[in-house]
Amino acid sequence: MFTFLIYPLTKLAVTAWSAETLSELTSSTLWQVTLRAGGQALLSVGLSLLIGIPIARVLFTYRFLGRGFILALVTVPFVLPTVVVALGFRALFGDAIPNGLILVVLAHAYINIAVVVRLVGAQWSTLDPRMEVTAATLGANPFRVFTSITLPALRNSIVLAACVVFIFSFSSLGIVVVLGDGSSTRTLEQVLLRSTSVLLDFPAALAAAILQLIVVSLVFFISARISRNEPRARVVLERERIGGRKTMFIVAVTCLVATVLVVSPIASILWSSVSSSGGVTLQWWSDLASTQNTRIGSPIAALSRSIGLALTTGVIAAILGGAIAIAVMSKKGFVVTLALIPLGVSAVTLGLGILLAFSRGSFDLRGTGTLIPITHALIAVPIVVAVATPSLRNVDPRRYFLALSLGAAPLRAWWTAFGTVFSGVMLAAGGLAAAVSLGEFGAATLLSRTDSPTVPVQIARLLSKPGESAFATAAVLSVILIIITMSLLLIVDRIESRKVIT
């Protein structure tokens, strides 16, 4: 972890830190980008809460047929690659809404609905509904009950969800590159990418990275303070059955709206992949293997490359994350801190550090094809640790000591106690890491060569080209990416289900 995380970041800081960097930190242009990105993120937070809270209310306070399906459905946008989501909104709205702030905010809200629903809904399900019933009995109208009873009880979870959505929107790249207008929607991540890959202005890149790290760290600090002050959950009561026409209508309308919101961009991508100006066609699928030009490359080659990188990332992340999870079980707190660093570091910053550290001398890894998997694995490590640690902690440690008392060697005893759970967790964690790799855009844009892009990078390049063919080819690649990503997540869910059963 030190070799591939701390050393590259240190190398980046030493290489780029200079008086020019300090000068860039005071640049009015950089601060204007920061303020605009912050404003865009706040708008994204507001819209995400406006959409997500009513859905959370229905899904976590009522019991009805299809609830689990709707909950899984609203989670889908969060796991889709950002470039695919951006393409979906381009396909859905066409020229009706031009690229700019409106489309960016809509796309960010779409992705982050799951964050609001999951975080707010989880706390909503622990609230005692008898308090609301009592207030209504005393004459309070539904709005007064919500603002005076329910909303204060949900305050912490709402603020936590807002912090998470703000971080995702503030540091957004794929959505902004595809749907932004290049001025009002720029983010520090976009400045960082342009400074490194186009302008080769490392002081400006480092200044953007430092400023973004400060903002993200501040939001993380607020989130941590809120989490620490989170009250203990009350006893979870059984969800209320739907009763009355009014309640049934509210639930039905909410589920219908949630379904339409989630499905519309995905359906637009599917339609774009099989349609042309002449009507329905499969031409774009049959022409997928053709090379558009030397700059874009072959879509099939990009797909094959992304799958290979995802598999490599899954193996690296599973091994690295598994080792960290074991260290966490041994109460090594500094390891947890180390594993969480990628959460606060830009993917482009991490990729740039990896490139500087391992692109020359005896550490030159550019020709090995491992720079992208290493970077993707580091990005995925926090997810792997989050999946692995709770499962390993749930194993009864007495099984380990029992195996030792029966004469087993320490390693054999550990595997006897934890091996079954550990192997299942690592498979699931590897699948999640592979899904992250398939959709990652920022680091891949920086590290992939012009003639060998990953699928998200090639989709972005295709969308920058005029013509029906380029857009349709991007739609076809997006459909394939959706299928592979969702298949990986279904496999992970299946492994997790078996683990719970055993």
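Pick from segment 184-208 the residues that are of a type in the set (Gly, Ala, Ser) and in contact (Cβ under 8 Å) with a residue 60 or more places away in the chain: which of them is surrounded by the most Cβ atoms within 10 Å (Cβ to Cβ)? So, considering only residues that are of a type in the set (Gly, Ala, Ser) and in contact (Cβ under 8 Å) with a residue 60 or more places away in the chain, the one surrounded by the most Cβ atoms within 10 Å (Cβ to Cβ) is Ala208. Within segment 461-478, identify whether any single residue is of a type outside the set (Asp, Glu), over 30 Å from Leu92 (Cα atoms) and in contact (Cβ under 8 Å) with a residue 60 or more places away in the chain, and answer yes or no. Among the residues of segment 461-478, not one is of a type outside the set (Asp, Glu), over 30 Å from Leu92 (Cα atoms) and in contact (Cβ under 8 Å) with a residue 60 or more places away in the chain, which makes the answer no.
Considering segment 436-494, the residues that are of a type in the set (Asp, Glu) and at pLDDT 85 or above include one that is farthest from Gly369 (Cα to Cα), namely Glu468. Any residue that is farther than 30 Å from Val280 by Cβ, surrounded by 16 or more Cβ atoms within 10 Å (Cβ to Cβ) and hydrophobic (A, V, I, L, M, F, W, C) - is there at least one of those in segment 462-476? Scanning segment 462-476, I find no residue that is farther than 30 Å from Val280 by Cβ, surrounded by 16 or more Cβ atoms within 10 Å (Cβ to Cβ) and hydrophobic (A, V, I, L, M, F, W, C), so the answer is no.
Table: residues versus (1) touching a Leu at 6+ places or on another chain (Cβ under 8 Å); (2) without any contact (Cβ under 8 Å) to a residue 12 or more places away in the chain; (3) not in a helix (DSSP H, G or I).
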site: Asp95; (1), (2), (3): no, yes, yes
site: Ile111; (1), (2), (3): yes, no, no
site: Ala114; (1), (2), (3): no, no, no
site: Leu119; (1), (2), (3): yes, no, no
site: Ala122; (1), (2), (3): no, no, no
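Per the conditions (1) closer than 25 Å to Ile495 by Cβ; (2) hydrophobic (A, V, I, L, M, F, W, C); (3) not in a helix (DSSP H, G or I), the sole criterion not satisfied by Ala417 is (3). Are there any pairs with C-beta distances below 6 angstrom linking a residue in segment 246-269 that is within 17 Å of Leu80 (Cβ to Cβ) to a residue that is of a type in the set (Ser, Thr, Tyr) and surrounded by 15 or more Cβ atoms within 10 Å (Cβ to Cβ), with the two at least 6 apart or on different chains, and if so which? Taking only residues 6 or more apart or on different chains, the pairs are Ile269/Ser478.
A residue that is outside any helix (DSSP H, G or I), surrounded by fewer than 16 Cβ atoms within 10 Å (Cβ to Cβ), in contact (Cβ under 8 Å) with a residue 60 or more places away in the chain and under 27 Å from the mean Cα position of the chain (by Cα) occurs nowhere in segment 428-449. Taken over segment 7-66, the residue count meeting the criterion of being under 28 Å from Asn112 (Cβ atoms), in contact (Cβ under 8 Å) with a residue 12 or more places away in the chain and assigned to a loop (DSSP other than H, G, I, E, B) is 2. Screening the candidates Thr150, Thr134 for the property of being surrounded by 18 or more Cβ atoms within 10 Å (Cβ to Cβ) and of a type in the set (S, T, N, Q) yields one hit, Thr150. Suppose we filter Leu378, Leu402, Leu371, Leu365 for residues that are over 30 Å from Val219 (Cβ atoms) and modelled with pLDDT of 80 or more; which single one remains? On inspection, the qualifying residue turns out to be Leu402.
The single condition among (1) out of contact with any Leu (no Cβ under 9 Å at 6 or more places or on another chain); (2) touching a residue at least 24 places away in the same chain (Cβ under 8 Å); (3) assigned to a loop (DSSP other than H, G, I, E, B) that Asp181 does not satisfy is (1).
The values are calculated or read from the model by the stated rules, or taken from the named source; none is laboratory data. Worth saying up front: this structure is predicted, and the values here are computed from it rather than measured. Methodologically, a virtual Cβ is constructed for each residue, glycine included, from the backbone with ideal geometry; neighbour enumeration extends over all protein chains shown.
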